[in-house]
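To start, the structure itself, in structure tokens.
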Amino acid sequence: MDGNATFAYRKRLILIAFGLVILLFLARLFQLQLLDEQWEVKARKNALRYVDDFPPRGLIYDRNGQLLVNNTISYDLMVIPRQVKLNETDRFELCRMLGISDSDYDARMEKARKYSTYAASIFMRQLTEEQHNYINESMYRFIGFYMQARTTRKYQTAAAAHTLGYIAEVNYNDMEKDAYYKMGDYIGKSGIERSYERELRGEKGFKIKLVNSLNQEKGAYENGKYDTAAIPGKDLWTTLDKDLQEYGEMLMQGKRGSIVAIEPSTGEILCMVTSPSYDPSLLVGRERGHNYALLNADSVEKPLFNRALMAMYPPGSTFKLVQALVGMEEGVVTPASRFPCYGGFPYGNGHKLGCHAHGSPLDMPSAIQTSCNAWFCYDFKAMMDNRKKYKNTGEAYAAWREKVCSFGLGSRFDTDLSYEKSGNIPTKAYYDRYYGENRWRATTIISLSIGQGEIMVTPVQLANLVAVIANKGYYYPPHLVKAIGHPDSLHTAYTTKHQVMVQPRYFEPVIEGMKRACAAGTARSAAVPGISLGGKTGTAQNPHGKDHSILVCYGPTENPKIAISVIVENAGFGATWAGPIAGLMIEKYLTDTIKRPDLEQHIKTAVIR
């Protein structure tokens, strides 16, 4: 092939290639302009508004179907910075309507630009109804701004603030963890709102709206063809009894502490009172941030601190119930075992762990009835010194700790209890580090036997402990939600029975002692006329002031319906304040009436600091 023929051949190839490229471009242009309507939507972006459709958050009910939390409509003023075209007059008018300064306007706009100049973000959240109506009438003047409706929480009771929790705007950490959220969205931050965020939030939808040159919405684009519907959040039915919760909070006014009540047969939490508390409506609306700062700054009352789940106390004499059970399981004591008590338990070098005046010697039920310190010290020491079974104290202690922890002590329940603390049952390794390996004995840690020393428990763990005794050896993990989506759709996540490491037959003498304590012993202040109760007082040592008053109780003993722990800080003996509060709570729950109005009045008006 000569040179001219080669040139002509190459020329034809180049022309064919160019022709194919042009045909491809024409075909793509035909598809974009005539076949694919989604590109028409994007091409008309300046005349369209893309809006999130926020679903209503799920409602929250109590165990009897009483509404605790529902929703109300609020409006956020949104801004798309690149579209904003306000003259000085319109800018001044918008600031006046919102009640903000010129510098505040600039700061809000700068924050929006940093987020995105193209995407919408919140300029001002949760406008008042008056502001919304006023600004909406003049929206044509404020190009680049628009209103977006969303639901916010409305509380039907001022009670259970810590348990229900609150919602707040997401932060960057929330958005990094879950791509569902974007700036301006809300998320559950505490309580049930946090534990069941995914169920309550629903799923956002998306709408495209036509907007005219006056910034007025003229309806859905293509009759909503490209819209997606929001999916409402699921309703929750909690285990709480609204009336009991409100009653407990009334009794605890003027006091610091907690009340936790559990249904033993299910682990359902009937009430969870923390005092001092706060009105949950304070953390709703535009003043939420300001109110939160005020509550958080109160270092004396600490109203945001959930004492029921996060406060840790020495259990005091309530722990003697566990010590008695472990001693019987180990075979070092029986219900008939008697130990001397002449003012306490001597543990060497002239030292004595003191005790109050009572008869001596006593059997186990009587020791529980009178809360004899010495009896449980001898019980504990017998196990630690049992060289027929354990080669040293450390080995015996490890076995003791394992049984104690089986009661739900020393660890979190890991159910739906938000920010729950674990308490503390110290390990053998802890004492080895502190005293030296094999250099400590039973008398070194003898205070553990009566719930002092390094033992720490939470109020919910104490309530669960007495539920274990009511059930004679097992518990269901304490939890707050019983149904999701429908009241009959039972939540089965926490229905696994936990058996403790003590045989059921050993619970009878302990229950006998608790019944005697309520009838004619240290817990008689908790007695309710006509109802058989089992209880135990405790006095938790407080190095910073007056001791804490503790009582655990359950009833009726023949068919347990409620197990309860009460802690009143800085209130002294368990019988003085915790006992009457526990008795009134049980009376309220089991009979729905109070036949001791004078006692009720005395408790609810008392201020203890």
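Once the other residues with Cβ under 12 Å from the Cβ of ASP241 are scored (Lys, Arg +1; Asp, Glu -1), what is the net sum?
Local charge sum for ASP241: -1.
Any of LYS381/LYS561; LYS352/LYS546; LYS111/LYS182; LYS515/LYS588; LYS320/LYS604; LYS391/LYS421 with alpha carbons more than 26 Å apart? Name them for me.
Over 26 Å apart, Cα to Cα: LYS381/LYS561; LYS320/LYS604; LYS391/LYS421.
Mind checking the dipole of the chain: about its Cα centre, +1 per Lys or Arg Cβ, -1 per Asp or Glu Cβ, Debye to the nearest 20?
Here the size comes out at about 1220 debye.
Just how many pairs of Lys in the stretch 204-258 have C-alpha atoms closer than 18 Å, counting pairs that are eight or more places apart or on different chains?
Lysine pairs satisfying the spacing and distance rule in the stretch 204-258 number 6.
Which residue, LEU309, TYR196, ILE14, has the largest displacement toward the positive end of the dipole of the chain when charges sit on each Cβ (Lys, Arg +1; Asp, Glu -1)?
Most positive-ward Cα: ILE14.
Among THR492, ASN471, VAL481, whose Cα sits farthest toward the positive end of the charge dipole of the stretch 459-522 (+1 at Cβ of Lys/Arg, -1 at Cβ of Asp/Glu, about the Cα centre)?
Positive-end residue among those listed: ASN471.
Indicate the gyration tensor shape class of the chain (rounded, prolate or oblate), computed on the Cα atoms with a ≥ b ≥ c the square roots of the eigenvalues: a/c under 1.5 is rounded; otherwise a/b larger than b/c is prolate and the rest oblate.
prolate
Need one word for the stretch 476-588: rounded, prolate or oblate. Basis is the Cα gyration tensor (sqrt eigenvalues a ≥ b ≥ c); a/c below 1.5 gives rounded, then a/b vs b/c decides.
prolate
Please give the helix 373-384 orientation as an angle from the longest Cα principal axis of the chain, in degrees from 0 to 90, rounded to the nearest 10.
Here the helix axis deviates by roughly 80 degrees.
If you plug each phi of the stretch 406-411 into the Karplus form 6.51 cos²θ - 1.76 cosθ + 1.60 with θ = phi - 60°, what whole-Hz ³J(HN,Hα) values come out, in order, with x for Gly and Pro?
Going residue by residue, I get 5, 7, x, 9, x, 7 Hz, with x marking Gly and Pro.
Is the shape of the stretch 346-427 best called rounded, prolate or oblate, per the rule: a/c under 1.5 gives rounded, else a/b larger than b/c gives prolate, else oblate, with a ≥ b ≥ c the square roots of the Cα gyration tensor eigenvalues?
Taking the square roots of the gyration eigenvalues as a ≥ b ≥ c, the stretch 346-427 is oblate.
So how do LYS207, LYS182, LYS546 line up by other beta-carbon neighbours within 10 Å, fewest first?
LYS546, LYS182, LYS207
Distance between Cα centroids, the stretch 170-193 to the stretch 428-505: provide it in whole Å.
33 Å
Within 10 Å of each residue's Cβ, count the other Cβ atoms and sort SER317, SER138 from fewest upward.
SER138, SER317
Normalising by the residue count of the chain, find the relative contact order in percent from Cα pairs under 8 Å and 6+ residues apart.
14 percent.
At a 10 Å Cβ-Cβ cut-off, how would you order LEU210, LEU295, LEU465, LEU409, fewest neighbours first?
LEU210, LEU295, LEU409, LEU465
Once amide H atoms are built 1.01 Å from N in the peptide plane, which residues 5 or more positions from GLN126, or in another chain, come under 5 Å H to H?
Sorted by chain and number, the residues that satisfy this are TYR75, ASP76, LEU77.
Throughout, read-outs are computed from the coordinates displayed, never taken from laboratory work. Note that the structure is a prediction, hence the values are computed from the model and not measured. Positions of Cβ are backbone-derived with ideal geometry, glycine not excepted, and every protein chain shown enters the neighbour counts.
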